[in-house]
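Here the structure is laid out as structure tokens; the discussion comes afterwards.
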Protein chains: 2
Amino acid sequence: MNARIQSVTGQSEPGSHTWKLTLAYDGTDFHGWQVQPGKPTIQGELQAALGRVTGETPLPQGSGRTDAGVHALGQVASFPLSAPIPAENLLLALNRTLPPPIRILAAERAQDPTFHARHSTVAKTYEYRILRAEKCSPFFARYVYTFSWPLNLDALHQSAHIFLGEHDFRSFAASDPDLASRNLENGNELMERVKVPVASTVRTIFASEWQERDTEDGRLLVYRVRGNGFLHHMVRNLVGTMLDAGRGRLGVDEIHRIFAARSRSEAGFTAPGRGLFLHSVEY
Amino acid sequence: MNARIQSVTGQSEPGSHTWKLTLAYDGTDFHGWQVQPGKPTIQGELQAALGRVTGETPLPQGSGRTDAGVHALGQVASFPLSAPIPAENLLLALNRTLPPPIRILAAERAQDPTFHARHSTVAKTYEYRILRAEKCSPFFARYVYTFSWPLNLDALHQSAHIFLGEHDFRSFAASDPDLASRNLENGNELMERVKVPVASTVRTIFASEWQERDTEDGRLLVYRVRGNGFLHHMVRNLVGTMLDAGRGRLGVDEIHRIFAARSRSEAGFTAPGRGLFLHSVEY
């Protein structure tokens with residue numbers, strides 16, 4: 001089977017099986033999920049590992065792309081394989097050959113051969129972790145955003161509540177027009193270079209809340225958000241906007257105005273990637 | 001004041017103060033403590049940061065050198081500075097300019113102007129962390145040695161007990177003859193290139209024990225050892241030898257024979273650097 005054809009269609013062909021992998025990664029040392037020539041990426045490492053283990057190099061499709069520095073506790077990837085390898089063997093062999101910052105947590109053949117890690121998604125959950133301290137332990141620095149300014153927790157909780165439900169999140173999407181097609185969350189290299197109609201920026205948020213967690217390295221504020229899809233930079237922009245509200249730079253009520261403006265420049269800053277974790281994907 | 005002279009003598013000169021810094025670091029992305037041309041090291045980063053903050057570039061003397069990949073929870077460094085900078089300002093300014101994997105935990109002027117982070121040491125404590133699991137979380141992989149073989153914990157405890165007290169630890173020191181002078185723990189670049197009399201390999205161990213710790217990423221076995229000094233690779237060789245005893249590859253009683261042999265080839269393997277933490281230094 002021709003790997004190049006596989007990587008374009010991402011579909012299972014006769015005699016092959018569709019696989020579903022669940023994986024965790026520390027995104028710090030990678031240039032995000034998506035393959036880029038000459039740069040280490042999660043998708044590229046996974047494709048190369050599949051090649052070493054099975055001799056086939058399908059391009060694994062992720063549930064969505066994560067940016068540079070963003071982590072995953074439960075990313076999901078799908079791809080076709082012809083090799084009749086037992087699932088447990090594939091899992092062990094991939095973990096032996098992948099770099100330690102990427103671990104396969106589960107490997108299974110998809111029941112439905114049309115399963116696609118991105119198209120089949122029902123909901124995704126992200127977490128954003130903020131350390132409330134002046135100083136961050138060297139062993140924590142890759143995994144949190146250290147934010148020591150005073151914060152009004154009520155304003156954070158109220159802001160998070162406003163995001164619930166169906167909204168046009170255009171104001172909270174990356175503003176770079178060249179990146180508009182990324183907001184489809186299903187663009188590939190080709191689509192990004194071709195002008196495509198701007199996709200809908202309406203998403204539905206099912207859960208949106210702040211939690212506090214005590215750790216040996218200090219108190220964490222964790223924002224957890226579950227929705228049917230997320231625009232590029234959306235979680236990081238929601239967090240930046242809520243932190244602006246928590247600091248009193250922005251009234252909580254102004255978030256309604258930001259939604260209405262449908263302009264990235266109205267919302268708050270983009271919180272750094274290192275605090276963001278793709279928590280889980282539902283199908 | 002001439003930085004080159006300072007870096008050779010490591011002594012405070014008239015008008016300068018001797019400083020004592022306590023620092024933590026994630027050693028993964030550094031080539032160990034000691035400055036090396038063209039490579040990132042903890043000592044080099046600290047010297048450069050001192051230069052940016054104070055305009056002076058004394059070479060900080062550590063309590064001992066840590067190897068590549070080895071971490072510190074409480075390394076101590078000393079150096080002279082002429083600048084009359086308040087301690088709190090030095091701490092904050094260094095943390096602003098140092099890379100996030102290195103954090104200054106405390107900064108103070110030494111009461112005794114002859115204080116030297118290495119020569120003044122009374123005791124040092126190291127920890128070695130082993131993850132008892134098949135698979136290591138990507139967020140833990142830099143900080144533990146994953147060891148999933150069955151282990152006889154009694155053999156670990158008995159082995160650790162044998163190391164207590166004063167012994168000639170030559171069998172547990174790095175065997176590379178060119179590195180012999182490193183075992184002085186006070187060699188500098190010059191000393192390492194010149195043939196110096198082989199220093200004593202006798203050390204006294206005050207505490208040596210295994211602890212178990214449960215974490216969200218699995219059960220840890222932690223070896224904690226406190227002594228008046230440690231030879232190059234000594235803790236990692238003690239751990240490798242104890243793991244060999246725990247796996248039944250080596251009888252616990254054979255450790256007495258290893259001591260007597262005074263030969264590196266008799267002891268167990270060198271456990272990887274990533275599990276090792278310099279825990280604290282006493283003066």
Copy-to-copy label separations for B:Arg213, where each label sits 7 Å from Cα toward Cβ, in nm and ascending: 1.8
Once the dipole of the protein assembly as shown is set up from charges on Cβ (+1 Lys and Arg, -1 Asp and Glu), the residue from the list B:Leu250, A:Phe230, B:Thr28 lying farthest towards its positive end is B:Thr28
Total Lys pairs in chain B closer than 30 Å by alpha-carbon, pairs eight or more apart in sequence or interchain only? 5
Centroid-to-centroid separation of segment B:58-87 and segment A:21-62 [C-alpha atoms, Å]: 39 Å
Contour minus Cα-Cα span, A:Arg52 to A:Arg262, at 0.36 nm per residue, comes to 71.0 nm
Net charge (Lys, Arg +1; Asp, Glu -1) of residues whose beta-carbon lies under 10 Å from that of B:Ser171, B:Ser171 excluded, is +2
Please arrange A:Trp210, A:Trp19 by how many other C-beta atoms lie within 10 Å of their C-beta, fewest to most. A:Trp210, A:Trp19
In a shell of Cβ-Cβ distance under 9 Å around A:Ala123, excluding A:Ala123 itself, what net charge do Lys and Arg (+1) and Asp and Glu (-1) give? +1
Could you work out [θ]222 nm for chain A from helices alone, using -39500 (n - 2.57) per DSSP H run of at least four and dividing by all its residues? Round to the nearest 500 deg cm²/dmol. -7000 deg cm²/dmol
May I ask you to order A:105-112, B:218-225 by the average number of other C-beta atoms within 10 Å around their residues, highest value first? B:218-225, A:105-112
What is the dipole size for chain A, taken about its Cα centre, with +1 at each Lys and Arg Cβ and -1 at each Asp and Glu Cβ, in debye to the nearest 20? 320 debye
About its Cα centre, the protein assembly as shown carries a charge dipole, from +1 on Lys and Arg Cβ atoms and -1 on Asp and Glu Cβ atoms, whose size in debye to the nearest 20 is 640 debye
Need the C-alpha centroid separation for segment B:222-283 versus segment A:91-111, integer Å. 33 Å
Likely footprinting exposure, A:Ile42, B:Ile104, A:Ile85, fewest C-beta neighbours within 10 Å first: A:Ile85, B:Ile104, A:Ile42
Computed Rg/Rh for the protein assembly as shown (Cα atoms; Rh = Kirkwood radius) stands at 1.02
With label points set 7 Å from each Cα along the Cα-to-Cβ direction at B:Asp154 and A:Arg132, the distance between them in nm comes to 4.9 nm
Taking the Cα-to-Cβ direction at B:His119 and at A:Asn89 and moving 7 Å from each Cα, how far apart do the two end points lie in nm? 6.4 nm
At 7 Å along the Cα-to-beta-carbon direction for both B:Glu216 and A:Leu164, put a label point, then send me their distance in nm to one decimal. 2.4 nm
Could you give P(r) for segment A:3-109, binned at 5 Å from zero, as whole percent values over all Cα-Cα pairs? 2, 14, 25, 28, 19, 9, 2, 0
Relative contact order as a percentage, chain B, C-alpha pairs under 8 Å and 6+ apart, gives 23 percent
Looking at the calculated P(r) for segment A:94-171, what percent of the C-alpha pair distances fall above 14 Å? 81 percent
Checked chain B with the C-alpha gyration tensor, a ≥ b ≥ c its square-rooted eigenvalues, rounded below a/c of 1.5, otherwise prolate if a/b is larger than b/c and oblate if not; verdict prolate
Within a Cβ distance under 12 Å of B:Arg213, other residues only, what is the Lys/Arg minus Asp/Glu net charge? -2
For segment A:25-30, what does the Karplus curve 6.51 cos²θ - 1.76 cosθ + 1.60, with θ = phi - 60°, yield as ³J(HN,Hα) per residue in whole Hz, taken in order and with x for Gly and Pro? 8, 8, x, 3, 9, 10
What are the nm distances, shortest first, from B:Val202 to its equivalents in the other copies, labels at 7 Å along Cα→Cβ? 8.4
Shielding of B:140-149 by partners, i.e. mean partner chain Cβ atoms within 10 Å per residue? 2
Shape metrics for segment A:123-282, restricted to C-alpha atoms - Rg then Dmax, Å: 15.8, 49
Pairs of alpha carbons in segment A:49-114 whose separation is greater than 13 Å (percent): 69 percent
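None of the figures in this text is laboratory data; all of them are computed from the coordinates on show. Please read all numbers here as calculations on a predicted model, not as lab measurements. With ideal geometry, Cβ positions are generated from the backbone for all residues, glycine too; neighbour counts draw on all protein chains shown.
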